[in-house]
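A.B. asks: Handing you a structure now.
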Amino acid sequence: MAEMKPRERVMAALNHEEPDRIPIDIGGGLSTTLVVEGYENLKKHFGVSTETQLMSKMYRLVKIDERIMERLGSDVRPLQSGSPENWSPPSSEPGTFVDVWGVKFKPVYYSDTAFYYEVADPPLKEADVKDLDRYPWPDPDDPGYTKGLNERVKELFTETDYAIMADSGFKALWEEAYQLRGFEQLLTDLITNPKFVTALLERILDINMKATGKFLDIAGPYIQVFRTADDMATQEGPLMSPKTYREIIKPIYKRWCDFIRSKTEAKIFYHSDGNVVALLDEFIEIGVDILNPVQVSAIGDITALKRDFGEKLSFWGGIDTQKVMPYGSREDVTQEVKKRIQELGPGGGYVMSSVHAIQPDVSPENIVAMAEACRTYGRYPLSV
């Protein structure tokens, strides 16, 4: 088969066709990049010394240098919204910060140097429905979000052959809700105060649609993938019963996906960690095209996942970052990639990437091994 351009390769896979090889995504979006410390190691490995740029302050996720993405063979490039011009974060204690939704975050260290930000004080933890009218919500009309977007997306589309994964910055519903309300309280509300959950999600949805609508009015014709994200499961299963999801969460998400679909022909990419298998029929019904990150350590039977849902969903991710990538050898990583190719590759519908962002304990050598294995063994017709 003749070699395809990256954009052509990705779209063939997402249309459930077999391209020349399985596409690779390392750095194409927030779910498939690296955290700061891991990226610094990767820069040293490739001899790159450019200043590190963040795609997410909260998650400390980086925008990978173009030279590194080219060396790794990544077929996807990120497109993000800008920062608000008419808002500045209020002062807070040293080490903390407040985001545009008014949520304060504090650093929580998981090693001597590496940390994530976690919610310090949910601002709506004691609110009722009436309080939502008085809350200082983000301004979705702030011009900073789309400043320079037209030029950036046209440059990516016309001057490169890469698939473009877009992120409007307003892509989460459940995650924003639990950061505002508090995780435990929001789960309790699902049972004791479902009207509040619906009112809160609808308020977030309205803001997201306004901001994302402006984003997609500009970028929609040029992008191939639009990223949404909301973790709906633990490693054991969904955070709520499928019945609760259908009754409370699903109608909001259906409106969200329908809105995105009205603005762009891009595939809808949905990121949810954990074992979401019990919710996949619901995801398909609301309009999700792509499941990420395919957390293999939680889902288990990946062959069954492909068999049961592979006609309706494409899978993006799948390379284990809990055990294999941080603790395995290069050969272990190669075998992991070959196994995923066997399970998810037939018939297209698979983009290879790590299960979520790559952490500091993953060596640059294993990242390179992941990419090399896909380029070597991911060629169609598959022979692994």
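Each value in this text was obtained by applying a stated rule to the coordinates, not by laboratory testing. If you're wondering where the values come from, they're calculated on a predicted model, not measured in any experiment. Heads up, the Cβs are rebuilt from the backbone with ideal geometry, glycines too, and the neighbour counts pull from every protein chain shown.
A.B. asks: Quick one: grab the alpha carbon gyration tensor of region 139-190, order the square roots of its eigenvalues as a ≥ b ≥ c, and give me rounded if a/c is under 1.5, else prolate or oblate depending on whether a/b is larger than b/c.
C.D. replies: It is oblate, given that a/c is not under 1.5 and a/b is not larger than b/c.
A.B. asks: Could you name the aspartates and glutamates in cross-link range of LYS267, using Cα to Cα under 15 Å and dropping any fewer than eight places away on the same chain?
C.D. replies: Cross-link targets: GLU8, GLU17, ASP167, ASP258, GLU285, ASP289, GLU311.
A.B. asks: Shifting gears a bit: Against the longest principal axis of the chain, how steep is helix 364-377, in degrees 0 to 90 to the nearest 10, with axes from Cα atoms?
C.D. replies: Around 60 degrees separate the two axes.
A.B. asks: Could you pull the Rg and Dmax for the chain, using just the Cα atoms, both in Å?
C.D. replies: Expressed in Å, the Cα Rg and Dmax of the chain come to 20.1, 61.
A.B. asks: Quick check on the chain: helices-only [θ] at 222 nm, where DSSP H runs of length 4 and up contribute -39,500 (n - 2.57) each and the sum goes over total residues. Nearest 500, please.
C.D. replies: Taking each H run of at least 4 residues, the total per residue is -11500 deg cm²/dmol.
A.B. asks: How large is ³J(HN,Hα) for each residue in region 184-197, as worked out from phi by the Karplus curve 6.51 cos²θ - 1.76 cosθ + 1.60 (θ = phi - 60°), to whole Hz, x for Gly and Pro?
C.D. replies: For region 184-197, the Karplus curve yields 5, 5, 5, 5, 5, 4, 4, 9, 9, 8, x, 5, 5, 4 Hz.
A.B. asks: Can you give the local net charge around LYS312? Use residues other than it whose beta-carbon is closer than 13 angstrom to its beta-carbon, Lys and Arg +1, Asp and Glu -1.
C.D. replies: Charge balance in the 13 Å sphere: -3.
A.B. asks: While we're looking at this one, here's another question. At 0.36 nm per residue, minus the direct Cα-Cα distance, what do THR96 and GLU365 gain on full extension? Give it in nm, one decimal, please.
C.D. replies: Gain on stretching THR96 to GLU365: 93.5 nm.
A.B. asks: Find how many whole Å separate the alpha carbon centroid of region 48-63 from the alpha carbon centroid of region 139-160.
C.D. replies: 19
A.B. asks: Sort 49-56, 186-193, 19-26 by the packing proxy (mean of other Cβ within 10 Å over each peptide's residues), most packed first.
C.D. replies: Going from most to least packed, we get 19-26, 186-193, 49-56.
A.B. asks: Please state the shape class of region 210-334: rounded when a/c is under 1.5, otherwise prolate if a/b exceeds b/c and oblate if not, all from the C-alpha gyration tensor.
C.D. replies: The shape class here is oblate.
A.B. asks: Using the C-alpha gyration tensor of region 160-238, what are the square roots of 5 times its eigenvalues, in whole angstrom, with the largest one first?
C.D. replies: Its equivalent ellipsoid spans semi-axes of 30, 16, 8 Å.
A.B. asks: Let me ask something else. Amide H of LEU54 versus every other amide H placed in the peptide plane: which residues, excluding those fewer than 5 positions away on the same chain, fall under 5 Å?
C.D. replies: Result for LEU54 returns LYS63.
A.B. asks: Could you list, in their original order, any pairs among LYS63/LYS104; LYS254/LYS312; LYS147/LYS214; LYS171/LYS263; LYS125/LYS254; LYS44/LYS323 whose Cα atoms are separated by more than 19 Å?
C.D. replies: LYS63/LYS104; LYS125/LYS254; LYS44/LYS323
A.B. asks: Any idea what Rg and Dmax come out to for region 1-131 if you just take the C-alpha atoms, in Å?
C.D. replies: 19.2, 61
A.B. asks: Between THR192 and ASN15, with labels modelled 7 Å along Cα→Cβ, what's the label distance in nm to one decimal, could you check?
C.D. replies: In this crude spin-label approximation the distance works out to 5.2 nm.
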